[in-house]
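Peer 1: Here it is, the structure, as structure tokens.
The values are calculated or read from the model by the stated rules, or taken from the named source; none is laboratory data. The shown structure was predicted, so the numbers you read here are calculated from the model rather than taken from an experiment. Cβ coordinates were reconstructed from backbone atoms using ideal geometry, including for glycine residues, and neighbour counts include every protein chain displayed.
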Amino acid sequence: MRPRGRGEQGSALVEFSWLAIVLMVPLLYIVLTVFEVQKAAFATTSSARSAARAFTLAPSEAVAGDRARSAALLAMQDQGLDKPGDLDIACRPSPSNCLAPGSVVTVVVHYAVPLPLLPSALGGQRPSVRVEAQHSIPYGTHREDRS
């Protein structure tokens, strides 16, 4: 009869612990990243909508751009993002007269979401995911020309 060794006793708990760590750490990182990207997507959407509304409600085109940028920044800060996104404002049918009856103002907000817990490697910028939102709002055909 062979004596029983203790070589395999208790190793299931160790294997389970290591397997849980190896699987849970990447899963936790993926969840954190998805939450950050979702927060930025919601912020850029509300930022584009707020900027378009502020632009069309401005008293003149001279102050409309500043009001749109302020509204976009406020919407980003409302979601906890301190850095404003890149704001592009375009008008149809006449790009030079945005607040004319019948025109449509389109605001596009671009934002780069830095990946969490990753430092800038090799002297470059932190890796990021780019998020974009667009909102178009008609100025209205029965409104006065504010150009």
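Peer 1: Does Arg69 meet the test of being in a strand (DSSP E or B) and of a type in the set (Lys, Arg)?
Peer 2: no
Peer 1: If I ask for residues that are surrounded by fewer than 16 Cβ atoms within 10 Å (Cβ to Cβ) and over 9 Å from the mean Cα position of the chain (by Cα), which ones from the range 38-62 would you list?
Peer 2: Matches in the range 38-62: Leu57, Pro59, Ser60, Ala62.
Peer 1: So, one more: Can you name every residue in the range 96-117 that is at pLDDT below 90, in contact with a strand residue (DSSP E or B) (Cβ under 9 Å, 6 or more places away or on another chain) and not in a strand (DSSP E or B)?
Peer 2: Matches in the range 96-117: Asn97, Cys98, Leu99, Ala100, Gly102, Leu115.
Peer 1: In this structure, does Leu81 turn out to be under 22 Å from Val34 (Cβ atoms) and at pLDDT 85 or above?
Peer 2: Values: under 22 Å from Val34 (Cβ atoms): yes; at pLDDT 85 or above: yes.
Here the answer is yes, as Leu81 does meet what is asked.
Peer 1: Okay, moving on. Across the range 28-45, what is the total count of residues that are at pLDDT below 95 and in contact with a His (Cβ under 9 Å, 6 or more places away or on another chain)?
Peer 2: Residues meeting the conditions: 0.
Peer 1: Looking only at the range 72-95, count how many residues are in a helix (DSSP H, G or I), in contact (Cβ under 8 Å) with a residue 12 or more places away in the chain and either among the β-branched types (Val, Ile, Thr) or surrounded by fewer than 18 Cβ atoms within 10 Å (Cβ to Cβ) (or both).
Peer 2: Residues that pass the stated criteria total 2.
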